[in-house]
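Undergrad: Pasting a structure below so you can have a look.
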Amino acid sequence: MAKLVLLRHGQSTWNLENRFTGWVDVDLTPQGKLEAAEAGRKISLAGIHLDEAYTSVLKRAIETLTICLRTAGQEGITIHYDKALNERHYGDLQGLDKTETAEKFGADQVKLWRRSYSVRPPNGESLEDTAARTLPYFENEVMPTLKMQRNSIISAHGNSLRAIVMRLDKLTQEQVLELNIPNGVPIVYDIDSHGEAINKYEL
């Protein structure tokens with residue numbers, strides 16, 4: 001049995017400003033840094049010893065992981081960086097205010113762009129596109145580690161983590177519409193030797 005911890009980065013500057021971020025490399029806010037530290041404290045209190053860490057190449061996820069591991073007293077573990085774990089690319093929406101975008105294009109259209117499985121924003125990625133790069137990495141790089149009973153953490157983003165949760169929880173395309181991954185909250189899965197999730201909880 002292995003523990004898999006999924007951690008969406010702490011609040012970023014563009015989360016605070018309510019902007020579509022995607023691949024724009026923004027910083028954490030002070031609140032986001034506190035959220036990352038709190039995640040590390042919770043992991044420590046839960047007695048989870050991590051063996052491997054995985055993160056996107058975007059600094060908000062990297063800094064979240066760094067602060068989390070430091071607070072948990074587990075800075076020495078191996079960290080793997082890969083753009084396969086990057087946030088979904090929001091194309092022409094990147095940098096736009098979400099409320100203003102909804103007023104311009106309609107709330108239903110923006111919800112489709114944000115939450116649907118296969119609808120792409122203009123010049124951007126759908127969740128399906130994101131899953132097409134995130135899940136092969138997860139299956140080929142992370143899952144073998146879990147099957148060896150090595151506890152792992154993935155510090156990433158709302159949509160790359162939605163793709164992983166969809167796989168682990170066996171969600172349908174309809175069910176994933178309402179799935180939201182909170183910032184800075186560790187989600188823990190118990191993974192058996194066959195790579196199946198047999199338990200899930202938040203810290």
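Undergrad: Could you check how many residues of the stretch 1-45 are part of a helix (DSSP H, G or I) and among the basic types (K, R)? If you could, list the steps in order and put the result at the bottom.
TA: From the stretch 1-45, those part of a helix (DSSP H, G or I) are 13-16, 30-45; that's our starting set.
After this cut, where a residue has to be among the basic types (K, R) as well, the list is 33, 41-42.
Going through the stretch 1-45 one residue at a time, the tally reaches 3.
Undergrad: Tell me yes or no: at least one residue of the stretch 47-61 is of a type in the set (A, V, I, L, M, F, W, C), under 30 Å from H194 (Cα atoms), in contact with a Leu (Cβ under 7 Å, 6 or more places away or on another chain) and at pLDDT 95 or above. Walk me through how you get there before you give the answer.
TA: Here is the first cut: in the stretch 47-61, the residues of a type in the set (A, V, I, L, M, F, W, C) are 48, 50, 53, 57-58, 61.
Restricting the remaining residues to those that are under 30 Å from H194 (Cα atoms) gives 48, 50, 53, 57, 61.
Now narrow it down to the ones that are in contact with a Leu (Cβ under 7 Å, 6 or more places away or on another chain): 53.
From what is left, the residues that are at pLDDT 95 or above are 53.
So far as the stretch 47-61 goes, yes, one or more of its residues are of a type in the set (A, V, I, L, M, F, W, C), under 30 Å from H194 (Cα atoms), in contact with a Leu (Cβ under 7 Å, 6 or more places away or on another chain) and at pLDDT 95 or above.
Undergrad: Something else about it: Which of the residues belonging to the stretch 7-43 are among the aliphatic types (A, V, I, L, M) and over 15 Å from L96 (Cα atoms)? Break it down into steps so the answer makes sense when it comes.
TA: Let us first name the residues in the stretch 7-43 that are among the aliphatic types (A, V, I, L, M), namely 7, 16, 24, 26, 28, 34, 36-37, 39, 43.
Result: L7, L28, L34, A36, A37, A39, I43.
Undergrad: Now, a different point. Being free of Cβ contacts under 8 Å to residues at least 40 places away in the same chain and of a type in the set (V, I, T) is the filter here; which residues of the stretch 1-24 pass it?
TA: Result: T13, single match.
Undergrad: Moving to a separate point now. Note down all Cβ pairs under 6 Å where the first residue falls in the stretch 25-39 and is modelled with pLDDT of 95 or more, the second is among the acidic types (D, E), and they're at least six residues apart or on different chains.
TA: L28/E63
Undergrad: Quickly run through the stretch 46-80 and pick out the residues that are assigned to a loop (DSSP other than H, G, I, E, B), within 19 Å of L146 (Cβ to Cβ) and more than 16 Å from the chain's Cα centre (by Cα).
TA: A46, G47, I48, H49, L50, D51, Q74, I77
The values are calculated or read from the model by the stated rules, or taken from the named source; none is laboratory data. Because the structure is a prediction, the values reported are computed rather than measured. FYI the Cβ positions are ideal-geometry reconstructions off the backbone, even for glycines, and counts take in every protein chain you see.
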